[in-house]
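Structure first, commentary second.
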Amino acid sequence: MIKLAIYGKGGIGKSTVTANLSAALAMLGKRVIQIGCDPKADSTGNLLGGTPVMPVMNYLRERDDEPESIEEISKIGYGGVLCIETGGPTPGLGCAGRGIVSTFSLLEELKLFEKFKPDAVLYDVLGDVVCGGFAVPIREGYASKVLIVTSGEKMALYAANNINSAVNNFADRGYAKVRGIVLNRRNVENEEQKVRDFAEKTDLPIIADIPRSNDIIHYEDMGKTVIEGDSSLEVSKRFLALAQLLIDEDEQND
């Protein structure tokens, strides 16, 4: 099974990359779960026609009892992707990372993976910091690989370096490892060279290069991924190629 945590600086396009990768995997015939691990709970909207799923933390705040089934805290999106959002605490109250911990514990109780039997699970994780809660996907065995999304912008690369260092701190415990970098272009000066320099310094491959594309924005305005909107576009082919790479690697490891 593909178990992938996707990290990156807030606002870097991490959710766009994750949703399009989920859609690409689904288009290639895989049964996919996407779990948004960001308090903004905006990871899965473009798989759901722009209609959000109720975040788990909202459900727990607004109801007296915990959900009795996965269906109460999830929605099926494009390509059959099962969409879940952890959400976060009431703004200004509590720790956002605890929302992830609480959600993952609940998903274990509801036997999500045993019931849905996914081929791929993608975790879209806020990556400006990798504190206890936000590190759960990589240190509790949920994910086996990490993708770091970055542009050539200074703060994006700074966050990418912090994420790589945090993952490496768990290396001797057999937790998830960084598989590579997704260059999500912002068309900044010398962008490719800056990211290639970072990749060389950290000994990480750039496994996908996503061009800045108005097509992504166009379809997101419609509540769609670009994969759903037009899979023949060059930017769609980049996501499909990344999905196929991950599928091939997973099959080789079986």
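Data overview
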item: Proximal lysines relative to K14, as straight alpha-carbon distance under 16 Å, when same-chain residues fewer than 8 apart are discounted; result: K40, K145, K224
item: Helical segments meeting 24 Å axial Cα length and Kyte-Doolittle -1.0 threshold in the chain (DSSP H); result: 234-253
item: Restricting the stretch 179-254 to GluC sites (Glu not before Pro) in coil, as DSSP defines it, with at most 11 other Cβ within 10 Å; result: E189
item: Over the chain: helical MRE at 222 nm, DSSP H runs n ≥ 4 each giving -39500 (n - 2.57), nearest 500; result: -12000 deg cm²/dmol
item: Space enclosed by the convex hull of the alpha-carbon atoms of the chain, per residue, Å³; result: 122 Å³
item: Amide proton proximity set for A176, modelled H, under 5 Å, gap of 5+; result: G141
item: Prolate/oblate/rounded call for the stretch 151-214, Cα gyration tensor, a/c under 1.5 rounded; result: prolate
item: Counting all C-alpha pairs of the stretch 183-225, share separated by more than 16 Å (%); result: 47 percent
item: Rough spin-label spacing in nm, given labels placed 7 Å along Cα→Cβ, for A171 and E109; result: 3.8 nm
item: Dipole magnitude of the chain, debye to nearest 20 (Cβ charges: Lys/Arg +1, Asp/Glu -1, about Cα centre); result: 440 debye
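FYI, it's all coordinate maths here, none of it is from the lab. Here the structure is a predicted model, which is why all the values come from computation and not from measurement. Here Cβ is always computed from backbone atoms with ideal geometry, including for glycine, and neighbour counts include all displayed protein chains.
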